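Heads up, the thing below is written out as structure tokens.
Just so you know, all these numbers are worked out from the coordinates, no wet-lab data involved. Note that the structure is predicted; figures quoted are calculated from it, not measured. Here the Cβ positions follow ideal geometry from the backbone for every residue, glycine too, while neighbour counts run over all protein chains shown.
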Amino acid sequence: MSPRRLTRYEERVPFLALFVAVLLLGIADSMVNSYIVLFGADVAGLSPVQIGVWSSVFAVSGITIGWWLGRSFDRRPARAYAMVVILLGSAGYALLPRVSGFLVLLLMAATVLGALGAAFPQLFSLARAVLGEGAAGQRSAPLLRSAWSLAWAVGPLLGALVLSRGGYSWLMWTAAGVFLASALAVLLVPRPGPVTVTNSAPGGTPVLLIVSVTLFFAAMFGGGLALPLFVTRALHQSPASVGVLFSVCAAVEVVATLALVAVPARVSQRAVILVGFGSLVCYNAMTAVSSGMAMLIVSQVFRAVGIAVVAGAGIRYFQDLLAPATGRATTLFANATTAGLLVSGVLTGASVEHLGYRATLLLWGAVTALGGVAFIAGAGRRSAPLPAAGPVS
């Protein structure tokens, strides 16, 4: 028997609740992550090396916990996974201003704070499980990704306002409150029903696709790290101009993500994603040859389109490819993103030091192109979903 089609009301209520949950999660995440390095240096008194280790523990913890919960979600879908990790993060950031010891900070990064890394894929998995495999479920990934982009457009500004008025303590406490509100919004999402899960099988993990996503986001983060230094030191622009560029990128990213919903179903998702890879290559190339703000602003449009397309359509592509193992698919994509962040910092620093800013941007453009080649190869091998097992509760 085919599953009952959801009514408009049954689609809208859970989607709006999930949209609010993702929006609030993104606002809180951008508030703290825009200033967490400064908090570590100025308040906790960490050295640059300690900050690097602390950040790495954050990332590795998020990958590990996210992988475990993604598998758990596929076996028994539930709202509790997302709520628990968000509540743990809320409690962690509420306590963070009172902690200064490096070992305690590492422990928090490995547990309550690192657990927040699993919240993003859990919310996207919950959306697919609740809204189903039809049109509503297909639209959920790009629409919810637009909420995340919107959050990152306003969150850093809100964080700056709170920081200027109340310092780092109030910044962390405010973010903790927003995290709490996000967890409460998840309560409005209906409980997901039983699903059909896929068995683990040899060759079941789309390795080349994961590599392609990792390379894309390594280039995205790496290019973003090099941009402020390039703009202020090589082009001698003001620091405020960097904020303008990132604001342009965030605004265009929201529009581009929403535009994904209007792409007809007959258009190949692989082709759409390759457009995203090509857009990021254009960004790096155009930025590397820029001499003023006009070309830099245009290049941000290409960067925004690339991020929006690969992040929004990429999640949906992984979910379709590994359906109905929604939790595993979304977590694989999110963990590949985090892995890209892990490798981008060290490589960007070393490249800038030895090759210069323009060469670094061109290098990341080449890495993006390599990721596109890996995606073509991986997508060609995975043209059909994995075989599924019987339904389980």
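With an 8 Å Cα cut-off and a minimum separation of 6 or more residues, compute the relative contact order for the chain in percent.
On the way: 633 pairs, mean separation 102.2, N = 393.
In percent, rounded to a whole number, it is 26.
Springs between Cα atoms under 10 Å define the GNM used for the chain, and in it the highest mean-square fluctuation of 98, 303, 75 occurs at 98.
A crude spin-label estimate for the pair residue 207 and residue 42, with each label 7 Å from Cα along the Cβ direction, gives 4.6 nm.
If you average over every viewing direction, what projected area does the convex hull of the Cα atoms of the stretch 76-133 give, in nm²?
Working: hull surface 16.7 nm².
Over all viewing directions, the stretch 76-133 projects a mean Cα-hull area of 4.2 nm².
Think of the stretch 207-384 as a dipole: +1 on every Lys or Arg Cβ, -1 on every Asp or Glu Cβ, centred on the Cα centre; then among 374, 345, 221, 374 lies furthest on the positive end.
Of 126, 95, 187, the sequence from fewest to most neighbouring Cβ atoms within 10 angstrom is 187, 95, 126.
Each Lys and Arg adds +1 at its Cβ and each Asp and Glu adds -1 at its Cβ; summed about the Cα centre, the chain shows a dipole of about 840 debye.
Span-like helix check, the chain: qualifying full DSSP H segments, with Cα axial length of 30 Å or more and mean Kyte-Doolittle of -1.0 or more, are 8-33, 48-75, 135-186, 207-229, 239-259, 293-321, 326-355, 357-381. Only Cα sites of the chain enter the Debye sum here, all with the same form factor; the resulting log10 I(q)/I(0) across q = 0.07, 0.13, 0.15 1/Å is -0.30, -1.11, -1.49, listed in q order. Helices in the chain, meaning DSSP H runs of at least 4 residues, each add -39500 (n - 2.57). Divided by all residues, the mean residue ellipticity at 222 nm is -26500 deg cm²/dmol. Largest GNM mean-square fluctuation across 127, 259, 329, computed for the chain with C-alpha springs under 10 Å, falls on 259.
Based on other C-beta atoms within 10 Å, arrange 36, 51 from fewest to most. Please report the intermediate quantities before stating the final value.
On the way: 36 22, 51 18.
Exposure proxy ranking, most exposed first: 51, 36.
Neighbours of residue 92 by Cβ distance under 14 Å: Lys/Arg scored +1, Asp/Glu scored -1, total 0.
Computed from the C-beta positions of residue 80 and residue 241 and an R0 of 51 Å, the FRET efficiency is 0.70 to the nearest 0.05.
Please check: in the Gaussian network model of the chain (C-alpha springs, under 10 Å), which one of 66, 193, 365 has the largest mean-square fluctuation. Result: 193 has the largest fluctuation of those listed.
Ranking of 81, 357 by neighbouring Cβ atoms within 10 Å, starting from the fewest: 357, 81. Relative to the current alpha-carbon distance between residue 64 and residue 346, full extension at 0.36 nm per residue lengthens the span by 99.4 nm.
Take peptides 308-314, 261-267 and line them up by average Cβ neighbours within 10 Å, highest first, as a rough protection proxy. Spell out each step's value before the answer.
Details: 308-314: 26.4, 261-267: 9.1.
With the highest mean Cβ count within 10 Å placed first, the list reads 308-314, 261-267.
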